[in-house]
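Contents: one structure, followed by commentary.
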Amino acid sequence: MRIGVPKETKTLEGRVALVPAAAGDLVKRGHEVWVEKDAGVKSGFKDADYEKLGVKIAADAADLYEKGEMIVKVKEPIAGDLQHLRKDHLLFCYLHLAAEPALTRQLLDIGLTAVAFETVELPNGDLPLLAPMSVIAGKIGVQVGTHLLHQPMGGKGKLLGGMASTERGNVVVFGAGKAGGAAAALAAAGGANVTVFEMRTDRMEEMMRLGNNVTALYPYHDVVAQAVAKADLVIGAVLVTGAKAPHVMTREMLKDMEDGSVVVDIAIDQGGCFETSRPTTWKEPTYVEEGVTHFCVTNMPGAVPQTSSQAICAAILPWVNKLAAGNWRDNEALVKGINVEGGKLVHPALQDMKV
């Protein structure tokens, strides 16, 4: 199969879907791999690194999409990409269509088959292609939130870990999956008091094992409101596979937070789990609502492309191999990953979507 890897076009996105070693493995399997010129540069990979492994370099996006039968990229296609996609393309990338009706309509009109990383689902419910970027986003959420609490950044001037003569900062995390768990672990390691809201008992128990400064609770409305009011940093990491994220923090709750506090919505790709969330970019990452700084960047892992590209590539390569082999429809996890095909919405979470 001819596999095309385009340069990412989202604002300040530095990742590349296939690192040279992975692309080289596909060549050894007999596939023809094309990478758009300079697609890997921001991740630390030069065109020459690909070429010496038998990968071909496409001069530009038009050339890349013309050559490719399967298009493997990181983020959802935007304006520059959509003009090149064809009905016969097999698209494999993050899509997050539940929060993107306009993009969904365009993909339906093109008529291609699109398999989304975030909806490839194993029989036990695990999402293997979402997991690595979720962990990175969870860590970035705490790192960025810590920085935004600094007074020169407009924050309240609170050091989350505190010290012997001061109080510790308070961090609230919604969700104890891969992203929420990573956020809670980093915040706890830094010395903050961490409260994690989760509905699954096994995940609550896992969070409690992070340390004596971590409390795991069921998200009863009043308990959530009390915890948010005392929080310096709130991290949202709630996921419903393929669907829009539910709102777990209302504007009324936000109003009770101190000015200069920070909220980070990792679920923003799926529409956001805070009522006051709206998508931002790394170019203009924050805004203020009710005196609270909001960070809602839709491609958080794109800020660390060397790490992210290596991590996502290791996760997707086995699935790229299955797709390229041609008999992938026998694989239940990949079939579950289909979002749109032949002009129709396929994934159950998108069935009632208005486009």
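Any read-out appearing in this document is the output of simple, stated calculations on the displayed coordinates, not a laboratory observation. What you see is a predicted model; the values in this text were computed from it and never measured. Quick reminder, even Gly has a Cβ in these numbers, built from the backbone with ideal geometry, and neighbours come from all protein chains shown.
Within 10 Å of each residue's Cβ, count the other Cβ atoms and sort 10, 87, 354 from fewest upward. Kindly include the intermediate steps, with their values, before the conclusion.
Details: 10 20, 87 11, 354 6.
Sorted ascending by nearby Cβ count, the order is 354, 87, 10.
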Read-out P(r) over Cα pairs in 20 Å bins from 0, in percent, candidates (1) 32, 58, 10, 0; (2) 31, 54, 16, 0; (3) 26, 39, 25, 10, 1; calculated match is (2)
Pulled fully out, how much extra length does the chain show between residue 218 and residue 78, if you take 0.36 nm times their separation in residues and subtract their Cα-Cα distance?
46.6 nm
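Hey, fewest Cβ within 10 Å first, where do 147, 221, 294 land in order? Please list the in-between numbers first.
On the way: 147 13, 221 10, 294 24.
With the sparsest Cβ surroundings first, the list reads 221, 147, 294.
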What is the gain in length, in nm to one decimal, between residue 67 and residue 208 on full extension, counting 0.36 nm per residue of separation less the C-alpha to C-alpha distance?
45.7 nm
Which of these, 208, 253, 163, has the largest mean-square fluctuation under a Gaussian network model of the chain (Cα springs below 10 Å)?
163
Could you work out how far apart the two model spin labels at residue 201 and residue 226 are, taking each label as a point 7 Å from the Cα in the direction of the beta carbon, and quote it in nm?
2.3 nm
Over 27 Å (Cα to Cα) - which of 42/336; 37/87; 10/37; 158/283 fall in this group
42/336
Working from Cα positions, state the angle (0 to 90°, nearest 10) between the long axis of helix 178-189 and the longest principal axis of the chain.
40 degrees
Per DSSP, the loop-located trypsin sites (Lys or Arg not before Pro) within segment 269-333 having at most 13 other beta carbons within 10 Å are 283
From the Cα centre of segment 89-147 to that of segment 154-200, the distance in Å is 26 Å
Acute angle (nearest 10 degrees) that the helix 305-325 long axis makes with the longest principal axis of the chain, alpha-carbon atoms
40 degrees
For residue 156, the aspartates and glutamates lying under 15 Å Cα to Cα, once residues fewer than eight places off in the same chain are dropped, come out as 167, 232, 256, 258, 259, 289, 290
Considering only C-alpha atoms, what is the centroid distance from segment 328-355 to segment 229-259, in Å?
29 Å
Among 216, 227, 79, which one shows the highest mean-square fluctuation when the chain is modelled as a Gaussian network with alpha-carbon springs under 10 Å?
79
Debye, to nearest 20: dipole size of the chain, +1 on Lys, Arg Cβ, -1 on Asp, Glu Cβ
520 debye
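According to the square roots a ≥ b ≥ c of the eigenvalues of the Cα gyration tensor, what is the shape class of segment 131-302, taking rounded for a/c under 1.5, prolate for a/b larger than b/c otherwise, and oblate for the remainder? Intermediate results must be reported in sequence, preceding the final value.
Working: a/c = 1.27, a/b = 1.01, b/c = 1.26.
Taking the square roots of the gyration eigenvalues as a ≥ b ≥ c, segment 131-302 is rounded.
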Separation between the residue 150 and residue 57 pseudo-spin-labels, each 7 Å from Cα along Cα→Cβ, expressed in nm?
3.7 nm
Calculate the spin-label point distance for residue 166 paired with residue 289, positioning each point 7 Å from the Cα along the beta-carbon direction, and give it in nanometres.
2.9 nm
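Over 22 Å between C-alpha atoms is what I'm after, so list which of 46/178; 67/322; 7/244 land there. Don't skip to the answer; put the middle values down first.
Values: 46/178 31 Å; 67/322 20 Å; 7/244 27 Å.
Result: 46/178; 7/244 exceed 22 Å.
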In what sequence do 307, 166, 195, 298 fall when counting other Cβ within 10 Å, fewest first?
166, 307, 298, 195
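How large is the helix-only mean residue ellipticity at 222 nm for the chain, computed as the sum of -39500 (n - 2.57) over DSSP H runs with n ≥ 4, divided by its residue count, in deg cm²/dmol to the nearest 500? Write down the numbers at each step before the final one.
Working: 12 runs with 115 residues, N = 355.
Helices in the chain give a 222 nm mean residue ellipticity of -9500 deg cm²/dmol.
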